[in-house]
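The values are calculated or read from the model by the stated rules, or taken from the named source; none is laboratory data. Because the structure is a prediction, the values reported are computed rather than measured. Cβ placement follows ideal geometry from the backbone for every residue including glycine, while neighbour counts extend to all protein chains displayed.
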Amino acid sequence: MEKYENPSLDDDAFFSEKTSEEYSEISPGAWKQFLNTEEVVFRSIHQENNFYLEKLSSDSLFAQKQEKADIHKAEMALAQKSDTFTLPEYLKNYVDLELNRQTEIERDSIVVKLFKQGTKFIQSTFHSSTLEILPQVVTSVRSAGIAERMPAILMEEEVAEEDKITYQIIKESQTQAYLSINFNMKKNPYTHVTLKKNDRMLFSNSINEHEMLNFSGLGAGIYSIEFMGENITKSFDLKILVD
């Protein structure tokens, strides 16, 4: 078999300095290999150009497959997270309440949670007064039986010197709370009270001579409580979360 040396494609002298007669003397095998190499190079360049243009087009097959792959990866990641961690329902409700609150005028508020073991104070926001969380000692606001069984949240608001309002929240059942409000004031300026849930009136009455208010059967949601007197009003929101 005839042996030949492959021409170097980088050697310009090999091609430029040869005459037509000298080209005819080049081995046919060398010509065939050169032409095959040239065809492969141009075909690769053409394929790379087409692939690059396909990537640039949002309607291309490559883009569609890439989008499906990205969606599949995201679904797998979410599925893995949901298997290992589930957001508690009460926390979802709390986030919803906070998002709604941020779109409204800032109001005084108390947030509590009912869970299996009892009640838990989450947070409070009182702008013109201070609210202190007191030791969880349950007084007899309804019956000794409820007081013994249900842990309570006791809060005291100082509205003026020696004038205080006490709020007590007791868990009545797994999904309902009991609210007691006591006015410890030299002279209570409030004579009427209203209770609303989602802007719907639930209760409206005069404040009794003992200056104590009791509300039972309060389930999950936002309750607006307003005290009214002559030329004076006071209101706050009670937000109850249920685990």
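Which numbered condition trips up D108, out of (1) surrounded by 10 or more Cβ atoms within 10 Å (Cβ to Cβ); (2) at pLDDT below 75?
(2)
For segment 226-243, which residues satisfy the criterion of being touching a Pro at 6+ places or on another chain (Cβ under 7 Å) and in a strand (DSSP E or B)?
Matches in segment 226-243: G229, I232.
Restricting to segment 170-215, count the residues that are of a type in the set (S, T, Y), surrounded by 13 or more Cβ atoms within 10 Å (Cβ to Cβ) and farther than 20 Å from D108 by Cα. Step through it out loud before you land on a result.
Let us first name the residues in segment 170-215 that are of a type in the set (S, T, Y), namely 173, 175, 178, 180, 190-191, 194, 204, 206.
Applying the additional criterion that residues be surrounded by 13 or more Cβ atoms within 10 Å (Cβ to Cβ) yields 175, 178, 180, 190, 194.
When the remaining residues are screened for being farther than 20 Å from D108 by Cα, the result is 175.
So the answer is 1.
Having 3 or more residues that are touching a Cys at 6+ places or on another chain (Cβ under 7 Å) and of a type in the set (V, I, T) is the bar; report the strands (runs of 3 or more DSSP E) wholly within segment 155-225 that clear it. Explain how you work it out, then say what you get.
Values: elements: 163-171, 177-184, 190-197, 200-206, 212-218.
Here the list is empty.
Would you confirm, using the coordinates I've provided, whether G219 is surrounded by fewer than 14 Cβ atoms within 10 Å (Cβ to Cβ) and either of a type outside the set (S, T, N, Q) or modelled with pLDDT of 90 or more (or both)? Working first, answer last.
Details: surrounded by fewer than 14 Cβ atoms within 10 Å (Cβ to Cβ): no; either of a type outside the set (S, T, N, Q) or modelled with pLDDT of 90 or more (or both): yes.
Against the criterion (surrounded by fewer than 14 Cβ atoms within 10 Å (Cβ to Cβ) and either of a type outside the set (S, T, N, Q) or modelled with pLDDT of 90 or more (or both)), G219 does not qualify.
Taking the options A152, A177, A160, name whichever one is touching a residue at least 60 places away in the same chain (Cβ under 8 Å), over 12 Å from I225 (Cα atoms) and among the hydrophobic types (A, V, I, L, M, F, W, C).
Working: A152 fails: touching a residue at least 60 places away in the same chain (Cβ under 8 Å); A160 fails: touching a residue at least 60 places away in the same chain (Cβ under 8 Å).
Step by step, each of A152, A177, A160 is checked, and only A177 is touching a residue at least 60 places away in the same chain (Cβ under 8 Å), over 12 Å from I225 (Cα atoms) and among the hydrophobic types (A, V, I, L, M, F, W, C).
Could you tell me which of the residues Y52, Y90 is closer than 30 Å to D243 by Cβ, modelled with pLDDT under 70 and either touching an Asp or Glu at 6+ places or on another chain (Cβ under 6 Å) or aromatic (F, W, Y) (or both)? Write out each step before concluding.
Details: Y52 fails: closer than 30 Å to D243 by Cβ.
Testing whether each residue is closer than 30 Å to D243 by Cβ, modelled with pLDDT under 70 and either touching an Asp or Glu at 6+ places or on another chain (Cβ under 6 Å) or aromatic (F, W, Y) (or both) leaves just Y90.
For the subset of segment 142-154 comprising residues that are outside any strand (DSSP E or B) and touching a Ser or Thr at 6+ places or on another chain (Cβ under 7 Å), which member is modelled with the highest pLDDT? Walk me through it before giving the result.
Restricting attention to segment 142-154, the residues satisfying the condition of being outside any strand (DSSP E or B) are 142-151.
Still in the list and also touching a Ser or Thr at 6+ places or on another chain (Cβ under 7 Å): 147, 151.
Working: A147: 39, P151: 69.
Filtering segment 142-154 for residues that are outside any strand (DSSP E or B) and touching a Ser or Thr at 6+ places or on another chain (Cβ under 7 Å), the one modelled with the highest pLDDT comes out as P151.
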